[in-house]
Amino acid sequence: MGVLQNFPLVRVLNEDERSLLMDASSVIELEKFNYLYLENDSTDKVFFLLEGMIKVSTRSDQGREAIKAILHNQEIFGEQALTGQSIRNEFAIAMLDGAKVLAVEVSCLKSLMQRNHLFCQKIVRFLGDKLRSVEQRLEAQIFLNAKDRIIDFIRESACKRGRRVGYDHLLKRSLTQQEIANYTGTSRQTVTEVFNELKKSNLIYFNRNKILIREGFNLVCETKLDA
């Protein structure tokens, strides 16, 4: 399957179907802070993140940013193209140098969904998982206080991208305090206060490049099954 071998979604496609998918795709390489797409762009493609880190955000009329998703290797995004939305209401930007994205024509994906029922089921499940993720973040905004939202962000990041170091978890730091605030719906000052409080309690250690989540943080990660 080449560049798509790490995406469980496409493993149900046969060789001919994978060839059709690749023929309708193109690889886009982005340097840090390059835009992949902008608000009001056409939703004619779905994106498979092969390498790097992508931020998906919206901005208010006053210029305030709300981060909708922070995406890493082997994640799929731009799925509005599959739901009937014709114009994007968000923008996507590379957060690290060397981001590589496979852009797939939505017409091809829809054709494969009609042709392969198992692939169609996996697409539906993928869209359902995305919707549940949005609902969970909305519930967090409503029911959790700012500190708990920031702690949830640390936990989610460590479970997704951290690596175990003895009894602790080490996480490469790739977002600023302001970006964490934009993602959690808090303020930069609150993020700084919570990080310093957790550091003082010896639950985390951090500097500009990394966050070390200590054993006492009681990090419990769910096992993610293939879609």
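Can you give the helix-only mean residue ellipticity at 222 nm for the chain, where every DSSP H stretch with n ≥ 4 adds -39500 (n - 2.57) and the sum goes over all residues, rounded to the nearest 500 deg cm²/dmol?
Taking each H run of at least 4 residues, the total per residue is -12000 deg cm²/dmol.
Where does segment 27-133 land on the Kirkwood hydrodynamic radius, alpha-carbon pairs, in angstrom?
One over the average 1/r among Cα pairs gives 14.4 Å for segment 27-133.
So what's the projected area for segment 11-62, the Cα convex hull averaged over all directions, in nm²?
Average projection, Cα convex hull of segment 11-62: 5.3 nm².
Got the relative contact order for the chain handy, in percent, Cα pairs under 8 Å and 6 or more residues apart?
20 percent
Sort segment 124-227 into rounded, prolate or oblate with this rule: let a ≥ b ≥ c be the square roots of the eigenvalues of the Cα gyration tensor; rounded if a/c is under 1.5, and if a/c is not under 1.5, prolate when a/b is larger than b/c, oblate otherwise.
oblate
By how many degrees, between 0 and 90 and to the nearest 10, does the Cα long axis of helix 117-143 differ from the longest principal axis of the chain?
For helix 117-143, the angle is close to 30 degrees.
Return the FRET efficiency for the residue pair Thr58, Tyr167: r is the Cβ-Cβ distance, R0 is 35 Å, and the value is rounded to the nearest 0.05.
E(calc), rounded to 0.05, equals 0.35.
Using 0.36 nm times the number of residues separating Ser86 and Asn73, minus their current alpha carbon distance, what extension gain do you get?
In short, 2.1 nm is gained.
Picking from Thr83, Leu118, Ala140, whose Cα lies most toward the positive end of the charge dipole for the chain (charges on Cβ: Lys, Arg +1; Asp, Glu -1)?
Ala140
Among the Cys residues of the chain, which have no other cysteine Cβ under 4.7 angstrom away?
Cys108, Cys120, each lacking another Cys Cβ under 4.7 Å.
In Å², what does the accessible area per residue of segment 47-97 work out to with a 1.4 Å probe?
Solvent-accessible surface per residue comes out at 42 Å².
Counting only protein heavy atoms and using a 1.4 Å probe, what share of the accessible area of the chain belongs to carbon plus sulfur, as a whole percent?
Here it works out to 48 percent.
Hey, which of these cross-link pairs are over 28 Å Cα-Cα: Lys122/Lys210; Lys45/Lys130; Lys68/Lys147; Lys55/Lys200; Lys32/Lys130; Lys130/Lys200?
Long pairs (Cα-Cα over 28 Å): Lys122/Lys210; Lys55/Lys200; Lys130/Lys200.
Taking only the alpha carbons of segment 77-140, what extent do you get along each of the three principal axes, in Å, biggest first?
Reported extents, whole Å, longest axis first: 36, 33, 22.
Sort Tyr205, Tyr183 by accessible area with a 1.4 Å probe, largest first.
These residues rank, largest area first, as Tyr205, Tyr183.
The values are calculated or read from the model by the stated rules, or taken from the named source; none is laboratory data. What you see is a predicted model; the values in this text were computed from it and never measured. Every residue, glycine among them, receives a Cβ derived from its backbone with ideal geometry; neighbour counts consider all protein chains shown. We work out accessible area using only protein heavy atoms, side chains counted, and drop any ligands, DNA or RNA first. Shrake-Rupley method; radii C 1.70, N 1.55, O 1.52, S 1.80 Å.
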